[in-house]
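So the structure is just underneath, and the comments pick up after that.
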2 protein chains.
Amino acid sequence: MDYSSKSLEDLVIAFSKLPGIGLKSAQRMALHLLEAGKEESEHLAQTILALKENVRACTICFNLTEEEVCSICRSARRDKQIICVVEEPKDLMAIEKTGGFTGLYHVLGGTISPLDGVEAADLTCRQLLDRLDGTVREVIIATNPTVEGEMTAAHLHDLMLGKVDRITRIARGIPFGGALEFNDMVTVVKALEGRSDYS
Amino acid sequence: MDYSSKSLEDLVIAFSKLPGIGLKSAQRMALHLLEAGKEESEHLAQTILALKENVRACTICFNLTEEEVCSICRSARRDKQIICVVEEPKDLMAIEKTGGFTGLYHVLGGTISPLDGVEAADLTCRQLLDRLDGTVREVIIATNPTVEGEMTAAHLHDLMLGKVDRITRIARGIPFGGALEFNDMVTVVKALEGRSDYS
């Protein structure tokens with residue numbers, strides 16, 4: 001496509017490389033910046049650069065932070081007896097958004113995935129084990145219910161066995177608002193297996 | 001929402017100010033940049049800054065360009081006897097993408113909109129009139145079929161009357177793939193009015 005301006009074309013292409021952004025959205029975003037004030041463009045560019053500059057992994061849980069230790073690990077209000085293990089920071093954010101979990105986290109940095117050449121040693125499994133010093137009573141394995149997530153969960157379970165009182169796995173079942181008929185067989189089986197007493 | 005990193009939060013907010021980008025997309029984009037190489041962030045930031053620096057309006061047709069005169073106005077292959085008047089550069093791009101128009105353009109820079117305080121003097125109407133020097137045989141008014149677009153079209157028609165052989169308006173009708181029953185009354189009436197002999 002001819003944009004009659006190389007700079008515009010470059011930005012459309014750069015935007016379209018971001019996840020979930022097609023050429024049409026990218027074009028709309030670029031044209032918006034063209035019409036908007038110079039401050040908005042400069043602010044956006046600076047914010048993009050600041051991100052890489054400032055954000056790093058928490059030395060305890062590997063959550064994103066700008067300090068040595070993240071705000072969750074530092075908080076006195078969090079229950080230090082329970083650790084929720086997630087794949088990525090975005091999973092942590094999804095749980096935090098609910099406000100329903102008051103324990104600590106541990107971010108693995110991915111899942112074991114032989115096809116992609118990711119082994120347990122590439123994740124933060126070892127650092128998770130180091131955290132099980134007797135204070136921690138429960139580890140919730142909250143990796144996603146995918147093939148890789150389940151494989152990683154199994155591996156973590158084996159690693160931690162005997163080192164912590166309780167190892168749990170998030171429930172797999174029919175999503176809220178979902179219908180039995182529209183869910184795959186594995187989900188339906190898991191929903192039946194994970195049934196609880198009606199209360 | 002607590003992102004545990006001010007820089008991340010800033011970028012999510014900056015991205016979410018772009019058109020069509022919600023908080024969820026903005027978060028996905030920001031996390032992607034965090035995971036991607038430093039080069040990608042730097043390239044994106046530089047491209048954003050370059051846009052404002054390099055892009056300006058063509059002195060003839062007000063299309064976006066990085067030169068004095070845009071590539072369409074400079075092209076020897078374009079038919080200089082016909083000018084298509086559009087509201088914004090994005091409308092020009094939509095027409096160019098089809099490859100079905102070989103004439104020149106004129107970008108108005110908006111529409112007459114009393115509610116927003118935009119008058120004809122704020123648009124490039126005067127410059128359009130200056131282009132009608134005898135070479136131009138037809139002006140196609142391709143403003144959008146909205147209230148403002150129609151008002152602007154009517155104004156342009158009055159301005160140009162007698163200064164050019166032929167003044168035309170793009171067809172309004174049922175979009176391709178559309179159905180009569182799902183279109184509003186005005187569209188159906190325009191589709192009937194604009195009927196042509198079956199060939």
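The values are calculated or read from the model by the stated rules, or taken from the named source; none is laboratory data. The model shown is predicted, which means the values in this text are computed figures rather than measured ones. When we count neighbours, we look across all protein chains shown, and the Cβ atoms used for this are built from the backbone with ideal geometry, even at glycine. Calculation scope for accessible area: heavy atoms of the full protein, side chains included, ligands and nucleic acids excluded. Shrake-Rupley method; radii C 1.70, N 1.55, O 1.52, S 1.80 Å.
Data for the structure
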read-out: Cα-based Lys proximity count in segment A:75-197, under 25 Å, for pairs eight or more positions apart or on separate chains; value: 4
read-out: Accessible carbon and sulfur surface of the protein assembly as shown relative to its total accessible area, %, 1.4 Å; value: 53 percent
read-out: On Cα atoms only, tilt of A:23-35 relative to the major axis of chain A in degrees; value: 60 degrees
read-out: On Cα atoms only, tilt of B:6-16 relative to the major axis of chain B in degrees; value: 10 degrees
read-out: Most fluctuating residue given options B:107, B:188, B:86, as computed from a GNM of chain B linking Cα atoms under 10 Å; value: B:188
read-out: Gain in span if fully extended, residue A:68 to residue A:113, counting 0.36 nm per residue against the direct Cα distance; value: 13.3 nm
read-out: Residue-averaged [θ]222 nm for the protein assembly as shown, counting only DSSP H segments that reach four residues, each worth -39500 (n - 2.57); value: -13000 deg cm²/dmol
read-out: Cβ-defined net charge surrounding residue B:119, 14 Å radius [Lys, Arg +1; Asp, Glu -1]; value: -2
read-out: Chain A: angle of helix A:89-98 to the longest principal axis, Cα-based, in degrees nearest 10; value: 70 degrees
read-out: Chain A, closest residue to the rotation axis toward B, by beta-carbon, whole angstrom; value: A:45, 2
read-out: 20 Å binning of all Cα-Cα separations within the protein assembly as shown, expressed as whole percents from 0 upward; value: 21, 39, 27, 13, 1
read-out: Rounded FRET efficiency, nearest 0.05, which uses the C-beta distance separating residue B:24 from residue A:133 and R0 of 56 Å; value: 0.95
read-out: Complex-versus-alone comparison for segment B:55-73, residues with a loss of 40 Å² or more in accessible area, probe 1.4 Å; value: B:64, B:66
read-out: Neighbour-limited loop hits for GluC sites (Glu not before Pro), segment A:1-94 (at most 15 other Cβ within 10 Å; DSSP other than H, G, I, E, B); value: A:67, A:68
read-out: Residues of the protein assembly as shown: accessible area per residue with a 1.4 Å probe, Å²; value: 57 Å²
read-out: Kirkwood-based Rg to Rh ratio, chain B, C-alpha trace; value: 1.07
read-out: Cβ-derived FRET efficiency at R0 22 Å, residue A:56 paired with residue A:126, nearest 0.05; value: 0.70
read-out: Pseudo-label separations to other copies for residue A:57 - Cα-to-Cβ vector, 7 Å, nm; value: 5.1
read-out: Charge dipole magnitude, Cβ of K and R +1, D and E -1 - segment A:79-157, Cα centre, debye nearest 20; value: 300 debye
read-out: Loss of accessible area when A meets B, both sides summed, Å² nearest 100, probe 1.4 Å; value: 4700 Å²
read-out: Among beta bridges that DSSP assigns inside the protein assembly as shown, antiparallel share in %, nearest 5; value: 20 percent
read-out: Highest average packing first - A:171-179, B:125-133, Cβ atoms within 10 Å; value: B:125-133, A:171-179
read-out: Protein-only accessible surface order, largest first, of B:93, B:185 at 1.4 Å; value: B:185, B:93
read-out: Per-copy distances of the residue A:94 label point, shortest first, in nm (7 angstrom along Cα→Cβ); value: 3.6
read-out: Inter-copy separations for residue A:77, label at 7 Å along Cα-Cβ, nm, ascending; value: 6.4
read-out: Span from the segment A:141-199 Cα centroid across to the segment B:140-157 one, whole angstrom; value: 59 Å
